[in-house]
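Right, one structure below, let's go through it.
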Amino acid sequence: MTGCILVLVAAGAGWAYWHLNQNIRSVDIDSALGGDRPARAPVTVPTEAPSASPSASASPLPTGVLNILVLGSDSRSGSENSALGGGDSTGARSDTAMVVHLDADRTKATVVSIPRDTLVTRPSCPTPSGGTTPATYGAMFNSAYAVGGPVCAVKTVEQLTGVRMDHYIEIDFAGFAGLVDALGGVTVTTTQDIDDDRSHLHLEAGTHRLDGTQALAFARTRHGIGDGSDLGRIKLQQQLVAALLKEAGKTDLLTDPAALYKMADAVTGSLTTDTGLDSLGELRGLAQGLGAIPATGLTTVTMPVVAAPSDPNRVVAQEPAASTLWESLR
């Protein structure tokens with residue numbers, strides 16, 4: 001009887017691993033962009049310290065500076081995303097864009113938000129059909145994803161920053177909400193009332209425990225705070241990132257396999273990555289690196305911007321401050 005149970009458990013675990021791997025969608029960004037890109041930071045493998053134990057054969061994890069473009073897509077595809085999006089907009093844009101920089105020794109991380117309203121030079125990008133999109137000057141930053149998907153988003157960020165994006169991660173509405181729900185919610189504190197009919201978020205000033213749908217609205221709201229600009233929304237997004245990391249740090253998922261699977265299924269089912277992160281093993285390696293960073297080692301900033309001369313409702317990179325910031329991440 002015990003043997004039958006073990007076989008069933010092993011079969012279930014194998015199916016779960018296969019299912020989660022199959023969930024992940026990927027894009028071969030390196031092949032699409034070729035060699036015309038910023039230089040990749042060197043990756044080093046630490047030399048193993050001599051050990052008296054012959055069984056200590058585990059290889060140390062590679063280290064080195066790592067830059068990851070993380071996008072939150074506002075796609076309404078699928079019934080869950082459509083309901084959470086609160087509208088019938090077609091297509092998809094990069095509703096949230098963050099460059100996550102991991103220091104070489106994995107003791108610090110810097111998250112840089114790029115305002116979606118930033119006017120940039122959008123480069124010519126390859127398309128899946130073999131064609132190219134035209135280069136456009138003074139384009140909205142989030143239009144790169146709309147016209148050319150992940151490949152164009154990465155190319156636009158690399159042109160804007162001069163920093164090589166080593167990896168790409170995209171999560172949609174449903175995946176973000178599912179992640180928060182799998183964690184049991186997140187706690188945030190607001191210093192002012194938020195009353196935004198467009199994001200369906202209504203909160204009084206104070207501390208709140210948000211579920212997945214509310215957290216998504218918190219990340220998307222902009223009209224109910226400050227001057228209604230994207231910069232106010234970015235501050236809320238950065239607060240939410242810190243709250244998520246804190247919540248994940250408190251949750252011992254390894255002792256609760258059901259909760260771990262629920263979270264993994266919610267995230268992988270709504271995830272698109274580059275081909276270097278398109279398996280559970282590769283994602284786990286990245287998570288191990290992130291897990292080594294203490295809460296005090298996380299810094300969140302926004303790319304320095306000023307109002308665009310051509311349109312007061314848009315922004316452009318503020319120089320030389322923006323270039324100085326990106327230089328520090330190379």
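Values computed for the structure shown
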item	result
Evaluation of PRO134 against (1) farther than 30 Å from PRO309 by Cβ; (2) without any contact (Cβ under 8 Å) to a residue 12 or more places away in the chain; (3) open to solvent by 40 Å² or more (accessible area, probe 1.4 Å) (one fails), failing number	(1)
Failed criterion for ASP28 (all others in (1) of a type outside the set (Val, Ile, Thr); (2) open to solvent by 60 Å² or more (accessible area, probe 1.4 Å); (3) out of contact with any helix residue (DSSP H, G or I) (no Cβ under 6 Å at 6 or more places or on another chain); (4) modelled with pLDDT of 90 or more hold)	(3)
Among the candidates ASP105, ASP172, residue that is farther than 22 Å from PRO320 by Cα, in contact with a helix residue (DSSP H, G or I) (Cβ under 7 Å, 6 or more places away or on another chain) and not hydrophobic (A, V, I, L, M, F, W, C)	ASP172
Positions within segment 152-163 being part of a helix (DSSP H, G or I) and either buried (at least 20 other Cβ atoms within 10 Å of the Cβ) or on the phi > 0 side of the Ramachandran plot (or both), in sequence order	CYS152, ALA153, VAL154, LYS155, THR156, VAL157, LEU160, THR161
Candidate set: segment 75-116, residues that are within 13 Å of the chain's Cα centre (by Cα) and of a type in the set (Gly, Ala, Ser); chosen: the one modelled with the lowest pLDDT	SER94
Test: LEU119 is of a type outside the set (Lys, Arg), under 17 Å from the mean Cα position of the chain (by Cα) and closer than 23 Å to LYS235 by Cβ	no
Residue list for segment 131-185, restricted to those being of a type in the set (Ser, Thr, Tyr) and closer than 19 Å to GLY35 by Cβ	THR132, THR156, THR161, TYR168
Failed criterion for GLN288 (all others in (1) crowded, with 16+ Cβ neighbours inside 10 Å; (2) under 22 Å from the mean Cα position of the chain (by Cα); (3) not hydrophobic (A, V, I, L, M, F, W, C) hold)	(1)
Residues located in segment 164-217, provided they are open to solvent by less than 40 Å² (accessible area, probe 1.4 Å), farther than 30 Å from GLY285 by Cβ and assigned to a helix (DSSP H, G or I)	ALA217
Verdict on LYS246 being of a type outside the set (Val, Ile, Thr) and either more than 30 Å from ALA32 (Cα to Cα) or assigned to a strand (DSSP E or B) (or both)	yes
Number of the condition not met by ASN142 [criteria: (1) over 15 Å from the mean Cα position of the chain (by Cα); (2) closer than 29 Å to ALA322 by Cα; (3) surrounded by 20 or more Cβ atoms within 10 Å (Cβ to Cβ)]	(1)
Boolean, GLY149 is surrounded by 19 or more Cβ atoms within 10 Å (Cβ to Cβ), on the phi > 0 side of the Ramachandran plot and out of contact with any Phe, Trp or Tyr (no Cβ under 8 Å at 6 or more places or on another chain)	yes
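The values are calculated or read from the model by the stated rules, or taken from the named source; none is laboratory data. Computed from a prediction, not measured in an experiment: that's the story for all the values here. Virtual Cβ from ideal backbone geometry, glycine too; neighbours counted across all protein chains shown. Surface areas here come from the heavy atoms of the whole protein model, side chains and all, with no ligands, DNA or RNA. Shrake-Rupley method; radii C 1.70, N 1.55, O 1.52, S 1.80 Å.
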